[in-house]
Every structure is written in C-alpha cells, then in structure tokens.
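Have a look at the structure below before the remarks.
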Amino acid sequence: MTGKSYGDYTNVRPLPGTPGICTVSFDANGGTADFTSMDYLAGKNYGDLPAATKTGATFVGWATAKTGGEIVTRRSIVDSSILKLYARWADEGWKIEDGELKVAPLETDIVIPEGVCSIGYGVFRDRTSLQSVTFPSSVTNIGDYAFSGCRELRTLTIPASVAIRRGGVQQLRETRIHRDTLGECVDWLAGFGVV
C-alpha cells in the first residue's frame, strides 16, 4: 500500500497513530450496535458503519446528534470535529431500508422521521383517509405514485431539496392539497399544474 491513499481501497482501515485519524464512537441510543467505535481517516468517506438493532423499532441510520443533526452514510466525509454518532430509530409501523421509506403507519397525519432520504414507490397509495404528510429535511426524493389515490390529502410539507419524480407529481393532482402548505415547492409544483 506504500504510495497509495486510503481512498484507493475499500474496507481498509487506517493504522492507529496515523496522522488525521479520528476515533468515532457509536451511541446505539437504546439499542445495540455491531461495534462501538472505529478509526476513520479525516476527509475521506466513512465506508463501514455498524449495523444496529432495537426491539420494536426500525434502524434509520447514524446521525451527528441525538436529535436533529445530519444523517451519516458510507459516502459521508469524515469530519474530525464529529467524534460521536447516534443511532436513529423509527417506531413500530414503519419500514425503512437503507434510508428509504417502504411502509408508513396507517394514520391520518404522518410525520416522517428525520433520516429518511427517499420515499419508495407507492408508499401512501390508496390511503383514502390520509390528510397530511410532513417530510424531514433529510428527504431528497419522492418516488412515483407515492400519493396515488390519496384524495383527502390536504397538507404536504416538503423541503425545498426534494426531487419529486414526474409520476409522483401527476398523482398529486388527485389530492386536495392546499397551495399554502407547500412552502418553497409551491412554484415548482404549480408548473406541473398541481396547484
């Protein structure tokens, strides 16, 4: 490995004592993690992160704070000022895999937990009693037909960073969305004839 950078390899851990090494600890936040600390090279991708489990909850991912903060993925850049990551959990009724929401509880008002990055295909499809959905700032993509058949949906709180696929936008026309609930997305969605 002489003359090579750590970025040239996958699953290679730096030797302790190497300049720029950060020992990051993992707080499972009520659950258990595969390992509780690991050495990372500052300025490079995290790569390996521990899996975590907790009875009655779904693991969302690792975050830079117990509440709020940012979700860290394998591709996130190691910041030497962040030496502790916290597990994020979703309650029962949720199914989240690799940051994508696959199933949401059968409620009239849904608040998606921070850490979810993507909404899967048809997650809320035919939820005729669904009235509001609030997305966290971590969401960047909403899949096709996410709101198909949600005729009573009135309030949709979407971060400006979200990219809604055309199929997802078309299905919003079936809803009763109020223009003033769409925040920074309102002009963009209006261009599709949604509001």
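The values are calculated or read from the model by the stated rules, or taken from the named source; none is laboratory data. Worth saying up front: this structure is predicted, and the values here are computed from it rather than measured. Quick reminder, even Gly has a Cβ in these numbers, built from the backbone with ideal geometry, and neighbours come from all protein chains shown.
With the requirement that a residue be assigned to a loop (DSSP other than H, G, I, E, B) and of a type in the set (Val, Ile, Thr), what does region 70-123 give you?
Taking region 70-123 and keeping what is assigned to a loop (DSSP other than H, G, I, E, B), we get 70, 73-76, 78-83, 92-94, 98-99, 104-108, 112-117, 120-123.
Matches in region 70-123: THR73, VAL78, ILE82, THR108, ILE112, VAL116, VAL123.
So is GLU152 part of a loop (DSSP other than H, G, I, E, B), surrounded by 13 or more Cβ atoms within 10 Å (Cβ to Cβ) and at pLDDT 70 or above or not?
Numbers: part of a loop (DSSP other than H, G, I, E, B): yes; surrounded by 13 or more Cβ atoms within 10 Å (Cβ to Cβ): yes; at pLDDT 70 or above: yes.
It is true that GLU152 is part of a loop (DSSP other than H, G, I, E, B), surrounded by 13 or more Cβ atoms within 10 Å (Cβ to Cβ) and at pLDDT 70 or above.
Being within 23 Å of LYS54 (Cβ to Cβ) and not assigned by TED's automatic domain parsing to the domain that holds GLU70 narrows it down to one residue among GLY143, GLY99, GLY122; which is it? Steps first, answer last, please.
On the way: GLY143 fails: within 23 Å of LYS54 (Cβ to Cβ); GLY122 fails: within 23 Å of LYS54 (Cβ to Cβ).
None of the other options fit; the residue is GLY99.
Answer yes if at least one residue in region 76-85 is within 15 Å of the chain's Cα centre (by Cα) and without any contact (Cβ under 8 Å) to a residue 12 or more places away in the chain, and no otherwise.
no
Within the group GLY61, GLY68, GLY43, which residue is modelled with pLDDT under 85 and surrounded by fewer than 17 Cβ atoms within 10 Å (Cβ to Cβ)?
Working: GLY61 fails: surrounded by fewer than 17 Cβ atoms within 10 Å (Cβ to Cβ); GLY43 fails: modelled with pLDDT under 85.
After applying the criteria, what remains is GLY68.
Yes/no matrix, rows are residues, columns are (1) in contact with a helix residue (DSSP H, G or I) (Cβ under 9 Å, 6 or more places away or on another chain); (2) charged (D, E, K, R); (3) over 25 Å from GLY43 (Cβ atoms):
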residue	(1), (2), (3)
ARG74	no, yes, no
ASP79	no, yes, no
GLY99	no, no, no
LEU106	no, no, yes
ILE110	no, no, yes
